[in-house]
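In what follows, a structure is listed as structure tokens, so that the remarks can point back to it.
The values are calculated or read from the model by the stated rules, or taken from the named source; none is laboratory data. Everything numeric here is computed off the predicted structure, so don't read it as measured data. Quick reminder, even Gly has a Cβ in these numbers, built from the backbone with ideal geometry, and neighbours come from all protein chains shown. Protein only, heavy atoms only, side chains kept; ligands, DNA and RNA dropped before computing areas. Shrake-Rupley method; radii C 1.70, N 1.55, O 1.52, S 1.80 Å.
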Amino acid sequence: MAAAAAAVPGPGPGPGSGPAETAAPGEEAAGAGLQGPGSSRLARLPLARVKALVKADPDVTLASQEAVFVLARATELFVETIAKDAYVYAQQGKRKTLQRKDLDNAIEAIDEFAFLEGTLD
């Protein structure tokens, strides 16, 4: 990933999309967690916190900025995916607020989340 992502100040791609990324997937510059004033961050999670969590593992001695960035980005995508899938169950219950039962339903119904079964007990 040698190409740097170009920051485009302004609103995201559409209403309700939240903080937007300015580069297409695969175009993010590793380690480029912050952009200049007025533009979006490529990583929404604080990279220093992610690095601290990685270093808390006794098996990890070094963690490059690129590795920390990729872990942060993967975590963001995971949380976004499970939240969107759980929101479908909230909407079925005529609610806009996610509840634990919505997450439980998403985990139970979607094969990609099978590894989480029994972890929220």
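Among the conditions (1) touching a Gly at 6+ places or on another chain (Cβ under 9 Å); (2) touching a residue at least 40 places away in the same chain (Cβ under 8 Å), the only one that VAL70 does not satisfy is (1). Of the residues examined, ASP85 is not one that is within 28 Å of ALA106 (Cβ to Cβ), surrounded by fewer than 12 Cβ atoms within 10 Å (Cβ to Cβ) and either of a type outside the set (Ser, Thr, Tyr) or touching a Leu at 6+ places or on another chain (Cβ under 6 Å) (or both). Restricting LEU120, LEU62, LEU34 to residues that are in contact with a Lys or Arg (Cβ under 6 Å, 6 or more places away or on another chain), open to solvent by 60 Å² or more (accessible area, probe 1.4 Å) and modelled with pLDDT under 95 narrows the list to LEU34. If the condition is being in contact (Cβ under 8 Å) with a residue 24 or more places away in the chain and charged (D, E, K, R), then the stretch 75-102 contributes GLU76, ASP85.
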